[in-house]
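Written below as structure tokens is the structure these notes are about.
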Amino acid sequence: MIKIRLSDGSHRDFPKGITGWEIAKTLSTSLAKEAVAIRIGEELWDLTRPIEADSDIEVIKRASDVGLDILRHDAAHVFAEAVKELYPETQITIGPSIQDGFFYDLFRKESFTPEDLTRIEERMHDIVNRDEIVTREVWSREKAIAFFKDLGEFFKAEIIEDLPGTDEITLYRQGKFIDLCRGPHLPSTGKLGHAFKLMKLAGAYWRGDSKNQMLQRVYGTAWSSEKDLQAYLTRLEEAEKRDHRRLGKEMDLFHMQEEAIGSVFWHPKGWTLYRILENYIRDKITAEGYVEVRTPQLLDRSLWEASGHWGKFGENMFIVKDEDKTLALKPMSCPCHILIFRQGIKSYRDLPIRMAEFGSCIRNEPSGALQGLTRVRSMVQDDAHIFCREDQIEEETRKFCVLLLNVYKELGFDELTVKFSDRPEVRAGDDATWDKAEAHLEAGARASGLSYTLNPGEGAFYGPKLEFVLKDAIGRDWQCGTLQLDFVLPERLDATYIGEDGKKYRPAMLHRAIFGSLERFIAIFIEHHGGKFPLWAAPVQAVVATVTQEGDAYAQKVYDTLKAAGLRAEIDLRNESIKYKIRELSLQKTPYILVVGKKEALEGTVALRKLGGEAQEVLALHAVIDKLTNEAIPPHKRPNLDENK
RNA sequence: GCCGGAUUAGCUCAGCUGGUAGAGCAACUGAUUUGUAAUCAGUAGGUCGCGAGUUCGAAUCUUGCAUCCGGCACCA
């Protein structure tokens, strides 16, 4: 007999060699049904693997995070089995579980078509129905390598060859299919169920390296129940409805076209939104002691060579020839800000200097990277560089973090994660400089009280960075803000200040942005709100709509009053039914519709209808103005009741 | 840049195996003067992304290019 301690703390004795599944069955039949694996100590085991010694175990249920992960991995195996049955000439490579599902990378001369995916998916359902027993086998490394080479699975053989350490590897067999895998897996393919779907076909490089062979990647989604699968598909549809490219067109905010790929044509409403957000952030940084500058867009090659950008990003810069000169469109503003800093002599008393610019930057992004407003070639950064003494780094870092958190919160983003990215392989500056920079930035991050995760090797070429990732209304992560500590550029471009002792010193430079690029941030802002902007940011805040032409004169008066109160209003006098106008204006996501007819004209009132609201409110005109102007105050100009105490 | 898919009226889309283009909405004109998410009727609108080829004949087949979409790689 062996002693098993369960996750609720209770102990039970079981015969040696009992399996996790058998234990689950003794606990309850429903638990056994839900079980997909067990956790034994730190390891995850198959349900059918015999337990030989005293252990702590926990039954993993299919709907749990770990359970789903296992389920999705099983889906990947069933997928691979289906592929090998239908297209035996295919080599299978890796097939991990990922968020919401799994993928599998395949190598085959012919391309898979969407029709092939349908066929494969059908076969997957067959395999689940066959309920093939899944067994775990332990092989020697040599045997496994030889086996896969013999099968013609050269990618698999290469994976095994590169596995570190152990001489033994595990394989899982189901039906005629056998795959390398650490496991655990479900006891049989039937346990997977049918809540999966193949989603898309894509290309992916072998081992993630663009120098390698391109493989065919198939993405699938898999869930513990049909209901969860449906919920997921519904979530995708909802995400599609708030896609900024779609809303940009529907709400007439902007467009893009072939003649200017990667650049935006802002329409009046979109540009209004743009200016609102730009002015908002301008107000915020001005209050924090930033000064704003504007620097050139076309700069000589020699500057970019000196800064190091030419060497690292030369290929991604647009070059302009002028007689015997070579100029580049600026891809970023930092060298320019150093050039301003260098004008005149700076004293230690002048620091910190927080120099901001809404810098128009142009980068030749790879064509395949372009994506709506989120990845463009022509963008504006809410960029600023803080020149400071070494002993000011911590405080400046802390201040920036506070500002950034406040901005995100005011704009409706409540959840934030932070990543600390340290030195990349290809970098400028010596190791001692990097040691110092990383230590300072970490201290600053700690001083701000933020918790962060390490993102190794992802720093900029001139310094380590903090990356701020916000979560939108439907749970997607977006990296927007950044704070980068740089000792390298001030050195390369020779920025100095005079210290207390009259000697020259190098300032430290903090590169920082809250939005990142205005274009990208606006895309996120649109998607986060699904086009239903808070009143202060809505390009059109209110539309006066008449019931009949009898109301025209009064409607005009209401409209004039709104405009005089500084509201962004429009008027709809068209000869259409009020039903029609409301429908159209609602689809345009107009925050407020002010319906006026004969009755309102007589009484000097307005029937106020809020977007998304069922009921309307009949108010006196002045009351409507009060209500709207009050609601339209931007968050940073709103009196903060907590602080007024 | 790489892999796959798409590109038809202002928008959303239909057009099977090749016989030379269609709907809804929008626009325009007229009627209607309407009370909270589509009033009715009529009119007009397209070298089917661009170029080449096959064919008696190409939106449809082949091919090159461009852009977009989904990934991969990249992201100062």
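Return yes when residue A:457 is surrounded by 20 or more Cβ atoms within 10 Å (Cβ to Cβ), modelled with pLDDT under 95 and more than 22 Å from residue A:636 (Cβ to Cβ) and no when it is not. Lay out the reasoning, then the answer.
Details: surrounded by 20 or more Cβ atoms within 10 Å (Cβ to Cβ): no; modelled with pLDDT under 95: yes; more than 22 Å from residue A:636 (Cβ to Cβ): yes.
Judged against the criteria, residue A:457 is not a match.
Residues to consider are A:256, A:214; find the one that is surrounded by fewer than 13 Cβ atoms within 10 Å (Cβ to Cβ), touching a strand residue (DSSP E or B) at 6+ places or on another chain (Cβ under 7 Å) and either at pLDDT 95 or above or not aliphatic (A, V, I, L, M) (or both).
A:214
Please specify each residue of the range A:344-382 satisfying the condition of being within 14 Å of RNA strand B (Cβ to nearest atom), assigned to a strand (DSSP E or B) and either farther than 21 Å from residue A:243 by Cα or in the same structural domain as residue A:202 (by TED's automatic domain parsing) (or both).
Going residue by residue through the range A:344-382, those that are within 14 Å of RNA strand B (Cβ to nearest atom) are A:357, A:359-379, A:381-382.
Narrowing the set further to residues that are assigned to a strand (DSSP E or B) leaves A:357, A:359-362, A:371, A:375, A:378-379, A:381-382.
Within the range A:344-382, A:357, A:359, A:360, A:361, A:362, A:381, A:382 meet the criteria.
For the range A:383-395, give me each residue that is away from RNA strand B (no atom under 13 Å from the Cβ) and either part of a helix (DSSP H, G or I) or not aliphatic (A, V, I, L, M) (or both).
Of everything in the range A:383-395, those that are away from RNA strand B (no atom under 13 Å from the Cβ) and either part of a helix (DSSP H, G or I) or not aliphatic (A, V, I, L, M) (or both) turn out to be A:387, A:388, A:389, A:390, A:391, A:392, A:393, A:394, A:395.
What number goes with the only condition from (1) within 13 Å of RNA strand B (Cβ to nearest atom); (2) of a type outside the set (Asp, Glu); (3) modelled with pLDDT under 95 that residue A:321 does not pass?
Here residue A:321 meets the rest and fails (1).
Quick grid of which residues meet (1) modelled with pLDDT under 95; (2) over 18 Å from residue A:183 (Cβ atoms); (3) in a strand (DSSP E or B):
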residue: A:8; (1), (2), (3): yes, yes, no
residue: A:30; (1), (2), (3): yes, yes, no
residue: A:56; (1), (2), (3): yes, yes, yes
residue: A:67; (1), (2), (3): no, no, no
residue: A:70; (1), (2), (3): no, no, no
residue: A:78; (1), (2), (3): no, no, no
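What helices (runs of 4 or more DSSP H) lie completely within the range A:235-318 and have 1 or more residues being within 13 Å of RNA strand B (Cβ to nearest atom), acidic (Asp, Glu) and touching a residue at least 40 places away in the same chain (Cβ under 8 Å)? Spell out how you get there, then give the answer.
Working: elements: A:244-250, A:268-287, A:301-307, A:309-313.
Passing ranges, in order: A:244-250.
Tell me the residue from A:115, A:161, A:122, A:142 that is of a type outside the set (Lys, Arg), within 16 Å of RNA strand B (Cβ to nearest atom) and at negative phi, please. Lay out the reasoning, then the answer.
Working: A:161 fails: within 16 Å of RNA strand B (Cβ to nearest atom); A:122 fails: within 16 Å of RNA strand B (Cβ to nearest atom); A:142 fails: within 16 Å of RNA strand B (Cβ to nearest atom).
When all the criteria are applied, what remains is A:115.
Is it the case that the range A:246-253 has a residue that's on the phi < 0 side of the Ramachandran plot, in contact with a Lys or Arg (Cβ under 7 Å, 6 or more places away or on another chain) and not assigned by TED's automatic domain parsing to the domain that holds residue A:221?
Checked the range A:246-253: at least one residue is on the phi < 0 side of the Ramachandran plot, in contact with a Lys or Arg (Cβ under 7 Å, 6 or more places away or on another chain) and not assigned by TED's automatic domain parsing to the domain that holds residue A:221.
Does residue A:80 satisfy the criteria of being in contact with a Leu (Cβ under 7 Å, 6 or more places away or on another chain) and either small (Gly, Ala, Ser) or surrounded by fewer than 15 Cβ atoms within 10 Å (Cβ to Cβ) (or both)?
Details: in contact with a Leu (Cβ under 7 Å, 6 or more places away or on another chain): no; either small (Gly, Ala, Ser) or surrounded by fewer than 15 Cβ atoms within 10 Å (Cβ to Cβ) (or both): yes.
No; evaluated as a whole, the condition is false for this residue.
Only one of (1) loosely packed, with under 15 Cβ neighbours inside 10 Å; (2) basic (Lys, Arg); (3) not in a strand (DSSP E or B) fails for residue A:321. Which number is that?
Tallying (1) loosely packed, with under 15 Cβ neighbours inside 10 Å; (2) basic (Lys, Arg); (3) not in a strand (DSSP E or B), residue A:321 fails exactly one: (3).
As an exercise: evaluate residue A:126 against (1) in contact with a Lys or Arg (Cβ under 8 Å, 6 or more places away or on another chain); (2) among the charged types (D, E, K, R); (3) exposed (fewer than 15 other Cβ atoms within 10 Å of the Cβ); (4) at pLDDT 95 or above and give the number of the one condition it does not meet.
(1)
Looking for whichever is of a type in the set (A, V, I, L, M, F, W, C), away from RNA strand B (no atom under 16 Å from the Cβ) and in the same structural domain as residue A:393 (by TED's automatic domain parsing) here; the options are A:460, A:428, A:443. Which one fits? Outline the logic, then answer.
Numbers: A:460 fails: away from RNA strand B (no atom under 16 Å from the Cβ); A:428 fails: away from RNA strand B (no atom under 16 Å from the Cβ).
Exactly one residue qualifies, and that residue is A:443.
Please go through the range A:333-373 and give me each residue that is among the hydroxyl-bearing types (Ser, Thr, Tyr) and surrounded by 19 or more Cβ atoms within 10 Å (Cβ to Cβ), ordered by number. Before you say what the answer is, go through the steps one by one.
In the first step, residues of the range A:333-373 are kept if they are among the hydroxyl-bearing types (Ser, Thr, Tyr); the result is A:333, A:347-348, A:360, A:367.
Listed by number, the list holds a single entry, A:333.
Which residues, counting only those in the range A:558-570, are more than 14 Å from residue A:608 (Cα to Cα) and either near RNA strand B (Cβ under 9 Å from one of its atoms) or surrounded by 15 or more Cβ atoms within 10 Å (Cβ to Cβ) (or both)?
A:561, A:565, A:567, A:568, A:570
Conditions first: (1) out of contact with any Phe, Trp or Tyr (no Cβ under 7 Å at 6 or more places or on another chain); (2) within 29 Å of residue A:411 (Cα to Cα). Residue A:633 passes all but one, so which condition is the exception?
Failed condition: (1).
So which strands (runs of 3 or more DSSP E) are wholly in the range A:581-643 and hold at least 1 residues that are free of Cβ contacts under 8 Å to residues at least 24 places away in the same chain and either in the same structural domain as residue A:560 (by TED's automatic domain parsing) or exposed (fewer than 12 other Cβ atoms within 10 Å of the Cβ) (or both)?
On the way: elements: A:592-596, A:605-610, A:616-620.
The qualifying strands (runs of 3 or more DSSP E) are A:605-610, A:616-620.
When residues of the range A:582-620 are filtered for being closer than 22 Å to residue A:533 by Cα and either within 9 Å of RNA strand B (Cβ to nearest atom) or not basic (Lys, Arg) (or both), how many remain? Working first, answer last.
We begin by selecting, within the range A:582-620, every residue closer than 22 Å to residue A:533 by Cα; these are A:582-595, A:607-617.
From the residues that got through so far, the ones that are either within 9 Å of RNA strand B (Cβ to nearest atom) or not basic (Lys, Arg) (or both) too are A:582-595, A:607-609, A:611-617.
Matching residues across the range A:582-620 total 24.
Go over the candidates A:102, A:148, A:112 one by one and state the one that is in contact (Cβ under 8 Å) with a residue 24 or more places away in the chain and more than 25 Å from residue A:49 (Cα to Cα). Quick ask: steps written out before the conclusion?
Values: A:102 fails: more than 25 Å from residue A:49 (Cα to Cα); A:148 fails: more than 25 Å from residue A:49 (Cα to Cα).
Residue meeting the stated conditions: A:112.
Restricting the search to the range A:446-457, which residues are at positive phi and more than 14 Å from RNA strand B (Cβ to nearest atom)?
At the first step, the residues of the range A:446-457 found to be at positive phi are A:449, A:457.
Scanning the range A:446-457 gives a single hit, A:449.
The values are calculated or read from the model by the stated rules, or taken from the named source; none is laboratory data. These numbers were taken from a predicted model, which means no experiment stands behind them. Don't worry about glycine lacking a Cβ; one is built from the backbone with ideal geometry, like all the others, and counts go over all protein chains shown.
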